[in-house]
Amino acid sequence: MERKLIKILFVEDHPLISEGYVRALELLKKQRPELDFKISEAASCDAAIHLLQQQAPPGFDLIMLDLVIPPSSCGRWLSGEDIGREVRQRHPETKLLINTSFDSVYRINSIFKTLNPEGYLIKVESNAKVIIDAISRLIDGETFYGGSVLQVLRKNLANDFVLDQWDRQILYQLSLGATTASLSSILPMSKATIERRKRHLKEIFDVDGQDDQRLLERARELGYI
C-alpha cells in the first residue's frame with residue numbers, strides 16, 4: 001500500500017501539549033495506515049519562522065497553531081496569529097488548525113477575519129479524540145470547528161472589528177513597559193495617531209479612564225497579548 005506523507009508543524013510552547021499531539025498522530029496512523037507523518041515542532045515565533053523559511057512551496061500540509069507563544073527576538077512576529085499571517089502569505093495551500101485557550105467572541109472573530117483557519121479548537125475541549133478527528137478531516141479537505149467555536153459562528157455574535165498589526169504592536173509595547181510618550185519613537189506613527197488608536201482600543205474593550213493597566217488586563221483576557 002502506498003502511503004501518503006503529511007508534513008505537519010506543531011507550533012506550541014508547552015512540551016506536554018506537544019507530546020500529546022505526537023501521541024494523537026500515532027493513534028491516527030493506526031486508524032489510517034495509508035498516512036505517514038513528518039513532524040516538525042516550534043515553541044516560539046523565531047523557531048516557527050525559521051522552519052517556514054526552510055520550506056519550499058507548497059510548504060507544510062498542516063500547521064497546528066497556538067496563539068500565545070513567545071514573540072520573535074526582532075519584534076516583528078508577536079504571536080501565533082502573526083505566524084498564521086506569514087503562513088497565509090508564504091504557503092496559502094497550508095491548512096491551519098488553531099488550538100488555543102482563548103474562547104472569547106472577540107478573539108474568535110478576529111482570527112477568522114485575519115486567518116480564516118480550516119480548523120479551530122479550544123484547548124479545554126481538545127482531547128485526543130477531538131484532535132485526531134480534526135486533523136483527519138483537515139487532511140481530507142474538510143473543516144473542523146470545536147463546539148464553542150461553532151456556537152459563536154452559528155449565533156453570529158462576533159463584532160465587526162479586527163485589530164490590525166499596529167493596534168497589536170501598541171498593546172505589545174505597552175505590555176513591555178513603554179509609555180505613550182515613548183511609543184512614537186518606537187513605532188512609525190505620531191503621538192496623536194497613537195492616542196487615537198488607544199482611545200479606539202479602549203472603546204473596543206469597553207475600558208474607561210486614562211489608566212492603561214485595565215486596557216492591558218482586558219487585552220490579556222482576550223488573548224491579544
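Take LYS202, LYS95, LYS38 and sort them by solvent-accessible surface of the protein heavy atoms, 1.4 Å probe, largest at the top.
LYS38, LYS95, LYS202
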(request) Considering Cα pairs under 8 angstrom that are at least six residues apart, work out the relative contact order of the chain and quote it in whole percent. (result) 16 percent
(message) Taking the full set of protein chains and a 1.4 angstrom probe, give the accessible area of HIS91 in square angstrom, rounded to the nearest 10.
(response) 10 Å²
(request) Report ³J(HN,Hα) in whole Hz for each residue of segment 46-53, in order, from the Karplus equation J = 6.51 cos²θ - 1.76 cosθ + 1.60 where θ = phi - 60°; Gly and Pro get x. (result) 4, 5, 5, 4, 4, 5, 5, 5
(request) Give me the distance in nm between label points sitting 7 Å out from Cα along the Cα-to-Cβ direction at GLU2 and ARG137, one decimal. (result) 2.9 nm
(message) Helix-only mean residue ellipticity at 222 nm, the chain, DSSP H runs n ≥ 4 weighted -39,500 (n - 2.57), per residue, nearest 500. What is it?
(response) -15000 deg cm²/dmol
(message) Give me the percent of accessible area attributable to carbon and sulfur for segment 1-141, probe 1.4 angstrom.
(response) 51 percent
(request) For ILE98, list long-range residues whose amide hydrogen, built 1.01 Å from N in the peptide plane, is under 5 Å from its own amide hydrogen. (result) LEU65, GLY119, TYR120, LEU121
(message) With the crude spin-label approximation of a point 7 Å out along Cα→Cβ, what separation in nm comes out for SER101 versus GLU34?
(response) 3.9 nm
(request) Considering only protein heavy atoms, with the full assembly of protein chains and a 1.4 angstrom probe, order GLU118, GLU86 by accessible area, largest first. (result) GLU118, GLU86
(request) Counting residues in segment 29-114 as N, plug N into 2.2 N^0.38 Å and put the Cα Rg over that result. (result) 1.15
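Just need the Rg to Rh number for segment 65-194, please, alpha carbons only, Kirkwood Rh. Working shown, then result.
On the way: Rg = 16.5 Å, Rh = 16.2 Å.
The Rg/Rh ratio comes out at 1.02.
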(message) Under 5 Å between amide hydrogens, which residues at least 5 positions from GLU41 or on another chain qualify, with H placed 1.01 Å from N in the peptide plane?
(response) PHE10
(message) Would you work out the Kirkwood radius for the chain? I mean one over the mean of 1/r across all pairs of different Cα atoms, in Å.
(response) 18.5 Å
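The values are calculated or read from the model by the stated rules, or taken from the named source; none is laboratory data. What you are looking at is a predicted structure, and each value in this text was computed from that prediction instead of being measured. Reconstructed Cβ throughout: ideal geometry from the backbone, glycine too, with neighbour counts over all protein chains shown. When the accessible area is computed, the model is the full protein with side chains, heavy atoms only, and any ligands, DNA or RNA have been set aside. Shrake-Rupley method; radii C 1.70, N 1.55, O 1.52, S 1.80 Å.
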